[in-house]
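What follows is one structure encoded as structure tokens, with my remarks underneath.
Derivation of every value follows stated rules applied to the coordinates shown; laboratory data play no part. Computed from a predicted structure; not experimentally measured. Cβ: placed from backbone, ideal geometry, glycine included. Neighbour counts: every protein chain shown.
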Amino acid sequence: MIEKLRLIESELFRIASKYGVKTVNDLDKLISRGKLSEKAVGEDLFLLDHLLSKKDTLEKKLSELNVRKGNVWKSLQNLLELPKLSSRT
């Protein structure tokens, strides 16, 4: 689930960066103001909406399982007995 969430977040970032927005509403506003055309945005508008919905669903499931994204790497490190990374060089 976490890997799916990371993939979704990276795709959301790609689309948002492409148009300089954070939400579907932001993209809608650019279209309504005439700064972008629906033709130019194409399927990205629907994909952005779909991905945001999937992200919310995955985050809720992870929350129900008491899984925090930030703690996953620590758990994996411990499980695999990997050395801890140091921020000092």
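Some notes on this structure:
- Listed cross-link partners 18/54; 29/55; 35/60; 18/55 are compared with a 28 Å cut-off, the Cα-Cα value being larger for 35/60.
- Evaluating 6.51 cos²θ - 1.76 cosθ + 1.60 at θ = phi - 60° for every residue in region 31-39, the Karplus couplings come out as 5, 5, 7, x, 7, 9, 9, 4, 5 Hz, glycine and proline recorded as x.
- Taking a Cβ cut-off of under 13 Å around residue 44, the surrounding Lys, Arg, Asp and Glu residues balance to a net charge of -3, with basic ones at +1 and acidic ones at -1.
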